[in-house]
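Take a look at the structure set out below.
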Number of protein chains: 2
Amino acid sequence: MIRYDFSKRNGQPLYEYLYDCLKKDILSGHLPSGTKLPSKREFARENHISVKTVMNAYEQLLVEGYLYSEEKRGYFVAEVEIMPEYRSELAEYPAVYEGETWFADFTVNNTAYEKFPFTQWRKIMREVLSEYDVELVQRAHFQGIKELRVAIAEYLYRTRKMLVSPECIIIGAGIEYLYNRLMKILPPDAIYAVENPGSKKIPRIYEEFGVRWTYIQMDENGINMESLREKGADVVQVSPEHSYPLGTVMTVARRQELLEWCSEKMERYIVEDDYDCEFRYNSRMIPTLYSMDSNHRVIYMNTFSKTLAPSLRISYMILPEKLMRRYLDSATFYSNTASTCEQYALAKFIERKYFERHVSRLKKHYSAQRNLLIQIIREAKHLPVKEISGVDCGTHLLVWLDTNLGDIELKWMAKQRGIHIECLSEFCEEMEPMYQHVMILNYSELNETALREAIRRLEEIFCFLEM
Amino acid sequence: MIRYDFSKRNGQPLYEYLYDCLKKDILSGHLPSGTKLPSKREFARENHISVKTVMNAYEQLLVEGYLYSEEKRGYFVAEVEIMPEYRSELAEYPAVYEGETWFADFTVNNTAYEKFPFTQWRKIMREVLSEYDVELVQRAHFQGIKELRVAIAEYLYRTRKMLVSPECIIIGAGIEYLYNRLMKILPPDAIYAVENPGSKKIPRIYEEFGVRWTYIQMDENGINMESLREKGADVVQVSPEHSYPLGTVMTVARRQELLEWCSEKMERYIVEDDYDCEFRYNSRMIPTLYSMDSNHRVIYMNTFSKTLAPSLRISYMILPEKLMRRYLDSATFYSNTASTCEQYALAKFIERKYFERHVSRLKKHYSAQRNLLIQIIREAKHLPVKEISGVDCGTHLLVWLDTNLGDIELKWMAKQRGIHIECLSEFCEEMEPMYQHVMILNYSELNETALREAIRRLEEIFCFLEM
């Protein structure tokens with residue numbers, strides 16, 4: 001007869017303790033397969049527990065396949081292999097990923113956290129939590145909540161003179177996610193193109209998606225049209241307002257050429273990533289390709305990660321109507337990925353013009369930071385600066401150096417000093433001499449002390465070389 | 001000389017108004033390309049505005065490419081094509097997508113909204129908003145915030161006896177998103193497999209991803225091993241706790257066979273979707289494949305969309321360490337997609353055991369609803385019910401009908417009556433006779449009145465046929 005010591009169960013329910021004991025004995029081989037278990041009544045009597053307890057334990061083991069039953073004959077141990085035992089506590093193994101720590105990281109393109117409008121945002125979030133009820137838990141519209149799409153459409157009309165229907169806006173948790181959704185509705189055999197020099201992220205998305213893609217040379221007016229035609233591209237990704245990292249503004253004439261190129265062939269598209277457009281310091285924003293397009297070939301994208309907070313996973317894309325219809329065929333199947341609560345909050349935040357005021361405060365802040373950084377660089381006598389460029393927009397600038405030091409050595413020597421930089425050459429298809437010796441400095445997250453010390457340390461590299 | 005009427009500018013800044021006027025004239029052809037503009041000084045005098053105003057407008061037009069300048073000669077109109085004019089208000093075109101409305105929708109697998117713990121959730125969200133500061137705006141860890149990963153690991157240990165390191169948990173905005181991330185790190189030539197009958201969603205994800213995939217027959221113990229070997233699958237998706245839609249529980253022996261199959265070859269994996277595991281009514285939950293696996297081949301997935309709210313875009317997957325390392329190579333590049341604020345709130349919600357209490361309340365509610373639905377179906381005398389199955393777990397059940405009515409007609413006749421149902425045959429690879437005439441009823445969102453009326457309407461179909 002099987003007997004267990006129920007005093008050891010430490011407050012565990014009886015049937016659960018019994019279940020554990022039996023399972024342990026089955027898995028350890030103490031109760032080999034085919035063993036007939038005592039009847040419930042018998043077992044209960046021998047162990048001074050109720051029949052109900054035994055029944056519950058048997059039933060559970062039956063459902064899980066540790067036992068099988070035969071009519072009128074009773075319960076038998078099933079054939080199971082021996083399982084490793086549960087370890088008794090959570091494994092405390094070290095972090096698999098450990099990021100590096102830097103004194104100053106010029107590669108991060110985030111926001112100035114301390115400028116985040118905490119008071120307004122908290123107030124609005126609290127309002128949303130009080131005002132809304134079931135809307136906060138229901139599955140949101142797959143394009144994102146209507147209120148936010150309307151607020152974005154109105155904002156784009158006010159600030160960018162863009163005429164957009166809220167019905168063509170798709171909200172998503174980040175630009176990468178939206179790219180993934182977009183690429184599903186573009187022709188599978190399309191050749192994608194990206195600016196050279198250009199974003200590192202876009203080629204990576206193309207690679208991950210497994211599409212054919214190519215680099216297109218940049219010239220001083222934007223993406224080069226000859227290069228575009230030569231490479232046979234179908235879908236081209238551009239940031240006409242402010243290319244990354246060069247900071248080139250695409251001229252109106254080039255924009256028109258690009259739209260013209262699009263209309264020459266079916267299924268040619270432009271993806272307009274309008275990131276950073278809010279931070280133009282010296283002049284007004286330029287009309288978007290989306291606004292200039294009359295052929296429904298421009299997909300417009302932007303994000304609130306850069307203007308509000310990187311933690312706010314709310315980005316959007318605007319599809320031309322034709323693509324929108326194509327999107328609908330697959331989209332209702334996908335749930336919207338952005339937080340509903342934050343979507344309601346952001347809608348209010350935009351409606352009340354808090355967003356515009358926040359952007360304008362940020363712009364002032366970044367502009368001052370940019371001036372400061374330029375001044376610090378100019379004052380750094382040992383830094384062999386040839387030119388500072390890309391300063392009119394965004395939150396980074398380019399420092400062109402007059403040096404023989406290779407980019408890899410430069411980065412390494414900066415790293416030794418706790419400074420993380422990227423060089424322009426990393427954003428190019430090939431190591432072109434004209435794009436060598438150019439540091440890219442993102443300054444949005446760094447304060448004056450950090451900027452001064454970081455530039456001093458970069459200067460030190462060249463002092464050291466001069467010695 | 002060009003003259004504009006500045007009294008019409010309606011409070012617009014002078015330079016902006018001037019910019020608009022000039023641009024309009026350039027685009028309309030009033031100022032043809034090559035036209036030399038008056039000097040800034042001259043223009044200012046003639047229009048009674050300041051030189052600064054003219055300079056700002058000229059500069060903006062220059063940046064945008066509407067003008068070009070020649071040293072010492074002045075400003076000229078550039079060659080630009082004529083642009084369509086902005087329409088004056090937001091286009092009000094109708095919704096591109098309009099969902100259908102139903103009296104009762106038995107196909108939606110959401111939650112009972114009214115059971116959402118609003119008071120606790122609001123309280124915790126408010127706490128998070130007050131307590132946290134910069135953490136709420138900073139870019140979160142790409143795997144999701146640590147607090148939540150620890151809370152999930154502890155929860156799984158308490159309730160599922162799973163031993164999981166928080167370092168191997170990845171938080172994401174929904175299961176579809178996580179699948180996309182996962183498939184990127186599995187071998188590109190792998191053959192994926194899905195249960196037959198099984199989820200409609202998984203084949204769709206496979207199709208969208210463009211991988212090879214196949215159906216695997218189910219038997220009464222779970223996925224059929226012969227079928228799995230025969231089809232040459234490498235990665236198999238299962239819900240051993242409760243397959244959808246059949247509701248089959250995979251026995252321990254079959255689980256061991258499946259793990260054995262995995263270990264026979266490198267790069268074989270099991271994706272264990274443990275959705276609905278929380279709603280098991282008649283017995284305790286069964287150990288997961290993840291816990292039983294000693295070869296690092298099981299990827300575990302679950303979501304809070306079903307247990308808390310579909311609007312809460314927080315799901316997670318747990319990778320075996322080997323895959324976690326592979327994931328890290330690409331993952332730091334992707335931002336975490338779930339809302340940071342809601343991640344902090346959910347972490348607290350789980351830590352304080354609110355989540356377990358909520359699940360147990362929900363389970364009680366669904367269990368009562370299930371009993372009610374079974375009772376209503378039994379009482380519906382005209383409904384030719386052969387069997388009701390799949391009732392032990394989850395929030396749906398299967399009604400096997402004794403009828404000649406085809407599934408398509410049945411669905412259509414239900415639709416005529418405002419009732420949305422799906423039939424088992426829709427979840428199968430082929431129209432197998434054994435899976436005909438089975439309705440799948442998801443009941444989580446419907447109250448008693450709706451359930452009674454919906455079943456009455458379904459009954460009506462058969463009354464109508466009998467006439």
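Annotations
- Efficiency of FRET between B:T449 and A:Y68 - r from beta-carbon atoms, R0 45 angstrom, step 0.05: 0.55
- Distance between the pseudo-spin-label points of A:W412 and B:N10 (7 Å out from Cα toward the beta carbon): 6.2 nm.
- Cα radius of gyration and Dmax for chain B (Å): 31.2, 96
- Taking label points 7 Å from Cα along the Cα-to-Cβ direction, B:H48 and A:M1 give a separation of 11.5 nm.
- Peptide packing for B:106-119, A:356-369, A:143-156 was compared via the average number of neighbouring C-beta atoms within 10 Å per residue; ordered from the highest value, the list is A:143-156, B:106-119, A:356-369.
- Positive-pole candidate from A:Y66, A:Y4, A:L424, dipole of chain A, charges at beta carbon: A:Y4
- Region A:240-313, relative contact order [Cα under 8 Å, separation at least 6], %: 32
- Overall Cα dimensions of region B:245-287 - principal axes, largest extent first, Å: 37, 19, 18
- Computed over region B:360-467, the ratio Rg/Rh where both radii use C-alpha atoms and Rh is Kirkwood: 0.95
- Cα-centred dipole magnitude for region A:349-467, charges only on beta-carbon of K, R (+1) and D, E (-1), debye, nearest 20: 840
- Chain A: relative contact order as a whole-number percent, Cα under 8 Å and 6+ apart: 18
- Cα-based radius of gyration of the protein assembly as shown once divided by 2.2 N^0.38 Å, which approximates compact folds: 1.09
- Under-5 Å amide H pairs with A:E429, H placed in peptide plane, nonlocal only: none
- Projecting the Cα atoms of B:N371, A:I171, A:Q256 onto the dipole axis of the protein assembly as shown, where Lys and Arg carry +1 and Asp and Glu carry -1 at the beta carbon, places B:N371 farthest toward the positive end.
- Per-residue mean of foreign Cβ neighbours for A:246-258 is 4 (Cβ atoms of other chains, 10 Å radius).
- Among B:Y269, B:M292, B:Y244 - extreme Cα towards positive end, dipole of region B:232-323, charges at beta-carbon: B:Y244
- In Hz, Karplus ³J(HN,Hα) per residue of region A:392-398 (6.51, -1.76, 1.60; θ = phi - 60°; x = Gly, Pro): 7, 8, x, 10, 9, 9, 10
- With contacts taken as Cα pairs under 8 Å at a separation of at least 6 residues, region A:310-431 carries a relative contact order of 11 percent.
- Calculated FRET value between B:S367 and A:S263, using beta carbons and R₀ = 56 Å, to 0.05: 0.40
- The three principal axes of the C-alpha atoms in region A:121-217 carry coordinate ranges of 50, 31, 25 Å, sorted with the longest axis first.
- Here chain B is assigned +1 on the Cβ of each Lys and Arg and -1 on the Cβ of each Asp and Glu. Its dipole about the Cα centre then comes out at about 1640 debye.
- Rounded to whole Hz, the Karplus (6.51, -1.76, 1.60) HN-Hα couplings of region A:38-50, x for glycine and proline: x, 5, 4, 4, 4, 4, 4, 4, 4, 9, 6, 10, 7
- With every protein chain in place and a 1.4 angstrom probe, the accessible-area ranking of B:T101, A:T449, B:T248, largest first, reads B:T101, A:T449, B:T248.
- Annotation: amide H of B:G74 has no partner in the under-5 Å range at sequence separation 5 or more or interchain, hydrogens built in the peptide plane.
- Links that overshoot a 22 Å alpha carbon limit, given the list A:K23/B:K363; A:K200/A:K322; B:K200/B:K411: A:K23/B:K363; A:K200/A:K322
- From helices alone, chain B scores -12500 deg cm²/dmol at 222 nm; the rule is -39500 (n - 2.57) for each run of n ≥ 4 DSSP H residues, then divide by the residue total.
- Overall, the protein assembly as shown carries a charge dipole of about 2680 debye about its Cα centre when +1 sits on the Cβ of Lys and Arg and -1 on the Cβ of Asp and Glu, all other atoms neutral.
- Restraint check, B:K231/B:K306; A:K348/B:K123; A:K201/A:K348; A:K115/A:K353; A:K306/B:K24; B:K115/B:K201, Cα-Cα greater than 28 Å: B:K231/B:K306; A:K201/A:K348; A:K306/B:K24
- Note on A:V134 and B:K36: their simple-model spin labels are 7.3 nm apart, each label 7 Å out from Cα toward Cβ.
- Computed with a 1.4 Å probe on the full set of protein chains, the accessible area for A:W400 sits at about 50 Å².
- Long-range amide H partners of A:G174 with built H, under 5 Å: A:I314, A:S315
- Remark: region A:197-204, residue by residue, has Karplus-estimated 3J(HN,Hα) of x, x, 3, 7, 6, 4, x, 5 Hz, where x stands for each Gly or Pro and the curve is 6.51 cos²θ - 1.76 cosθ + 1.60 at θ = phi - 60°.
- Probe 1.4 Å - accessible area at B:K24, Å² to nearest ten: 130
- Estimated translational D of region B:302-380 in µm²/s (Stokes, Kirkwood radius over Cα pairs; 10 °C; 1.306 mPa s): 101
- Here A:R325 and B:D219 are evaluated by their C-beta separation; at R0 = 41 Å the FRET efficiency comes out at 0.45.
- Across A:Y157, B:Y443, A:Y344, the residue with the most accessible area heads the list, and the full order at a 1.4 Å probe is A:Y157, A:Y344, B:Y443.
The values are calculated or read from the model by the stated rules, or taken from the named source; none is laboratory data. Remember, predicted model here, so these are calculated numbers, not experimental data. Counting neighbours? That spans all protein chains shown, and the Cβs are built from the backbone with ideal geometry, glycine included. Side chains are part of the model used for accessible areas, which takes the heavy atoms of the whole protein and leaves out ligands, DNA and RNA. Shrake-Rupley method; radii C 1.70, N 1.55, O 1.52, S 1.80 Å.
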